[in-house]
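Visitor: Please see the structure below; I have some questions.
The values are calculated or read from the model by the stated rules, or taken from the named source; none is laboratory data. No experiment lies behind these values; they were computed from the predicted model shown. Cβ: placed from backbone, ideal geometry, glycine included. Neighbour counts: every protein chain shown.
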């Protein structure tokens, strides 16, 4: 029993000695030391509650600057822009060259369009539609400015000058004259010019059907609304007008009422 007691006592003494050495090392004087090439951490400042602020670092911007730095930066930016422009130009040129080469043997899109039957009346209408009408353009400017009376005068002048076969311009003129009368709150003027517009459109439709016989069935959708369709449109406008009293909604409702009257007259 005595033999087992002495090793335990020895180990206990060794542990007490190690604890004592550790405590004396930690709470030793403020002197900094190195142990086994490791920095000694001094905890005495924390024990004593030292309030000495750590040394603050002060950084200063370099005072030296090249006198031509700004000019050099501008020149560098200009070089970058020039290089980017040259790269983009070369890229676009290369793309266009390759596209031209790829499409060289491809048929033109216009070759897929139906060829019109030789029709002198159709060709005359197309030629006249390409000619400018200054009075019509002047009327459009007055209309955009809100001077509807002067716009009407210009449209009437244009109507007197265009050829009788210039169906395209006549359709445009009658349409704009109807709009002017609508703005001037003249119901009869709107209805009369809309009827003239519908008649010109039907005339143009007949010429196109004669030039493109295979498209005759698809041209039906370009006809003026029937009385039944115009009535449905009027009912929709009245339903919308019941929810809004804006001037624009009133004008749309008025237009729907007049279009119904036009539909009745052109279908008689």
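Visitor: Would you confirm whether or not the range 117-126 contains a residue that is at pLDDT below 70 and surrounded by 10 or more Cβ atoms within 10 Å (Cβ to Cβ)?
Guide: Within the range 117-126 (the criterion being at pLDDT below 70 and surrounded by 10 or more Cβ atoms within 10 Å (Cβ to Cβ)), the answer is yes, since at least one residue qualifies.
Visitor: Mind checking which helices (runs of 4 or more DSSP H) fall wholly inside the range 123-221 and carry at least 1 residues that are in contact (Cβ under 8 Å) with a residue 60 or more places away in the chain and over 29 Å from residue 248 (Cβ atoms)?
Guide: 187-211
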